[in-house]
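Derivation of every value follows stated rules applied to the coordinates shown; laboratory data play no part. The shown structure was predicted, so the numbers you read here are calculated from the model rather than taken from an experiment.
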């Protein structure tokens, strides 16, 4: 076997947690407006280093947010639709199920599949940014 066995339910739950906690924080970090100093104001080297660090963090967060979108776009159409509605547009579970025309149990099956497809794609696209933290899979 090429890959270790994945616990699909726990992986889906880990992806859900990633979107609810990490992704929300990354979106905020990526959208923060970083002010510059006024003209004519002397800027200390430490202040410049701090500002450079903030720009670097913002760029890093922006790249991860972009990696999330790339990973979602890599999923099949039904999974992509579910992921976008649930995690990018923050629809409630019942709204997503209603929108895609699925029963509650069918929604949960598709959610598990979608989250696992996302984890597969995210591991590849986000690895240069996050290293081992890009792997959202939970192994058996």
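Assorted remarks:
- Geometric extent, Cα atoms of the chain - Rg, Dmax (angstrom): 18.6, 64
- Debye-sum result for the range 61-140 in log10 I(q)/I(0), which assumes one identical scatterer on each alpha carbon, at q = 0.24 Å⁻¹: -1.09
- In percent, rounded to a whole number, the relative contact order of the chain is 40, using alpha-carbon pairs under 8 Å and six or more apart.
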